[in-house]
Amino acid sequence: MEEAATPLLVCSDIRKTYGDLVAVDDVSFHILPGETYGLLGPNGAGKTTTINIIAGILDADGGEVRVAGQPMNPRATRAKAAVGYVPQDIALYPDLTASENLVFFGRLVGLSGTTLKERTREILELTGLTSRAEDRTATFSGGMKRRLNIGIGLIHSPQLLILDEPTVGVDPQSRNAILESVDAMANNGMAVLYTTHYMEEAERLCDRIGIIDDGKIVAEGTQRELVEKLGGHDKLHIGITGHGQPAVNATAMLDCVIRVSLGDAAMELIVSDARSSLAEIVNTIVETGAEITGIEIEEPNLEAVFLHLTGKALRD
Amino acid sequence: MKALTIANVTLRRMVRDPLSLFFVFVFPLLLVLVIGATFGDGFQPRIGIVEGNGPTAEALAARLRALDGFTPRTVGSANEAADGVARGAYEAAIVIPNDGGNMLAVQVVVRQGSSARQIRTVIEGAVATEAASLRAADVLVAEGLRPNLRTALATVDRVEERVAGFSVVERSVDDSPNERPIGAFDLGAAQQLVLFTFLTSLSGGAALIQSRQWGVSRRMLATPTSAATVITGEALGRFGVAIVQALTIAVGSSLFFGVYWGPLLPAGIIIGLFAAVSAGASMLLGSLVDNDQQAGSLGVFLGLAAAALGGAMVPPEIFSPTMRNISHLLPHAWALDAFTEIVRRGGGVGDILIELGMLALFAVVILVAAATAFRKTLTTS
Ligand SMILES: Nc1ncnc2c1ncn2[C@@H]1O[C@H](COP(=O)(O)OP(=O)(O)O)[C@@H](O)[C@H]1O
Ligand SMILES: [Mg+2]
């Protein structure tokens, strides 16, 4: 292992309560430069509250946040300069144009003159809004507003980009564009904190994922690491023709098979490791005289991990 | 600098909205025109008249009253007439003495200034014309009584002895060298200015609620911009809206209807302070109310109510002393007093220190309350 880089963001035991409700319950994690960290959890898990504390919008009741070595709190203007914040709800002036919105927030993050002009042009390009730059954002589609919402967070090329559920209510095409640009951002060395309740997004984007529920991070790691916490069980779908029962009986005898069931022209097997035991299983089935029409391997996903850890589904 | 960026957005948004464009730039000036024309006696000068006793004096007064575009109000005595002119209640007054002697010396009381001189010329003309026909009529009547030439000549002689001639004498009253007659629109326009500056500001407080609802206020706080800067910026924006409204009325009414606003410096200070009060009220409303549409209509309602109570909707003479006291609980009354002083009496900053002090006090108290309430909306939730 190489020496770990200095984390760009460090959260230590941050805590926020609303009356009796503990919205954020001693959350700790860190993000390295160039790393994309996902906070995955259902609605009400405490993602937005956590992010608002990290962005310095909300005062924490306890714990500490450091961004680029600077302590972060609502009065910490130096730490805020390193952060690009993209709120969950679109935050734009609908009666101003796209470029006016960019220039406004650009000035607030300290840009001016030709730098501001140049960055505005670049962000319009990046978000695909160049042709609509002089239109009021009230006339934009939901996806265009989302893109501009993100673009504003990027105007000063922040070291840490914070995205709070940026794809909610977005058409698949815009969603794809957003995910791709976040990926590109991280590849350029930007640290990204990404919250979502879409497991596929976390899987696709994030180097590491923190699973959050009821204000607590219940598990953290790479997708692989999280999945291994389930015990590494994979699922095999094997389509067969002919008589299926002998095949089911035969495979059930195998050590690597935990459970097997027969469906409509298909068997479903739970195995400890699909890739290493596949050959043995296929041979066993063929020997019983059944004919295999197709094989599908399903590795456990974050949805299953979440279900396993919390007893709840990620989406209601 | 960032505060100005925030303030600038407020103004930009205001001029983007066609409805607010109409209500800020067109509607108030229309009202100045309509109210000036309806309640300001059109463009007729206000003339006072003192009627002497005796057939000739009464006949002259009756004929002057019958003239077109000339509706003088009866005044009790020559001294009262002079006072009225000095106070600006009348542009001029005509004093007709009692009959007696053979010259009736009609006085025209005016103040110095070009428009006063015009009025004098008009009255002189009117008096001369009326006097000539009166004399002729007197002669004819006398002639009818004495139909032959000898007696007629004798009669004319006697008529000339008995029937008075007229002379017009100018009497100037000067209270202050800067004294100026009040135009039909002048004081009505000041009422419009305070009414609309306050009302537009209040209903504009809804913009703050929108910024909150749209999440842009909160987003500003995620940038390296302190809450104090955001508050200052929003307050400056509210102030800008108030100033734009006040100047629209002041400059527009002065250009289009010749309204006089008094000397530049005191007028500017009154407008600045009243705009600050209005900005504070706007921010306070925008912080205490959560629904922008409610704030808009509440702003209009409160703006009208404050104007009515503060004496900006009716001529000040209508207010009883009690009402006058109550009206001074509102900044409107102080601003109007200050305008009256500088417009009617040509007062300077030194003459309106109390009014300016009260306006400043209103501004400070309301702005502090507004900033506190606004900060709360920024940092909670
Ligand atoms: N201002 C607030 N007052 C009271 N409760 C709040 C407030 N903000 C959030 N909460 C509660 O805190 C919990 C976490 O909310 P949030 O951080 O928005 O979750 P998420 O973003 O994961 O959906 C929820 O139960 C929510 O109802
Ligand atoms: Mg959320």
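Values quoted throughout were computed directly from the atomic coordinates according to the rules given, and no laboratory measurement underlies them. Since the structure is predicted, the reported quantities are computational estimates derived from the model, not experimental observations. Methodologically, a virtual Cβ is constructed for each residue, glycine included, from the backbone with ideal geometry; neighbour enumeration extends over all protein chains shown.
Remarks
- Note on chain A: with a GNM built from Cα contacts shorter than 10 Å, the maximum mean-square fluctuation among A:LEU226, A:LEU278, A:LEU116 falls on A:LEU278.
- Neighbourhood net charge (13 Å Cβ-Cβ; Lys/Arg +1, Asp/Glu -1) for A:ILE14: -1
- Förster radius 35 Å - calculated FRET efficiency between B:ASN325 and B:LEU21 (Cβ-Cβ, nearest 0.05): 0.35
- Annotation for the stretch A:149-203 versus the stretch B:256-273: alpha-carbon center distance of 55 Å.
- With Cα atoms, 0 to 90° folded angle of helix A:172-187 axis to chain A main axis: 80 degrees
- Surrounding net charge for A:GLU280, when Lys and Arg each add one and Asp and Glu each subtract one, Cβ distance under 15 Å: -3
- Prolate/oblate/rounded label for the stretch A:1-132 (Cα gyration tensor, a/c 1.5): prolate
- Full extension of the chain between B:ALA228 and B:THR71 gives 50.6 nm of extra length, using 0.36 nm per residue less the Cα-Cα distance.
- Over all directions, the projected convex hull of the C-alpha atoms in the stretch B:280-381 averages 7.6 nm² in area.
- Protection proxy ranking, peptides B:261-267, A:47-53, average beta carbon neighbours within 10 Å, highest first: A:47-53, B:261-267
- Computed from the C-beta positions of A:VAL218 and A:ASP20, the FRET efficiency with R₀ = 30 Å rounds to 0.90.
- For a straight C-alpha distance cut-off of 30 angstrom, the lysines reachable from B:LYS376 (same-chain residues fewer than eight places away being disregarded) are A:LYS16, A:LYS47, A:LYS80, A:LYS145, A:LYS216, B:LYS2.
- Here the contact order of the stretch A:20-169, divided by its residue count and restricted to Cα pairs under 8 Å and six or more residues apart, works out to 26 percent.
- Fluctuation leader among A:GLY41, A:GLY221, A:GLY210 - chain A, Gaussian network, Cα springs under 10 angstrom: A:GLY221
- Net lengthening on full extension, A:ALA252/A:ILE297 (0.36 nm per residue, minus Cα-Cα): 14.4 nm
- Cleavage-rule hits, GluC sites (Glu not before Pro), the stretch A:75-155, DSSP coil, Cβ neighbours within 10 Å at most 14: A:GLU134
- Cα-based helix-to-principal-axis angle, A:113-126 vs chain A, degrees rounded to 10: 30 degrees
- Nearest-ten-degree value, helix A:274-287 long axis tilted from longest Cα axis of chain A: 30 degrees
- For chain A: relative contact order, % (alpha-carbon pairs under 8 angstrom, 6 or more apart): 19 percent
- Reported to the nearest whole Å, the Cα centre-to-centre distance from the stretch A:71-130 to the stretch A:258-277 is 52.
- Remark: the A:HIS308-A:GLU125 segment gains 61.6 nm on full extension, using 0.36 nm per residue and subtracting the alpha carbon distance.
- When only the Cβ of Lys, Arg, Asp and Glu is charged (+1, +1, -1, -1), the dipole of the stretch A:9-228 relative to its Cα centre reaches about 840 debye.
- Considering the protein assembly as shown at the alpha-carbon level, its Rg and Dmax are found to be 42.1, 164 Å.
- Over all other residues within a Cβ to Cβ distance under 14 Å of B:GLY76, the charged ones net out to -2, with Lys and Arg as +1 and Asp and Glu as -1.
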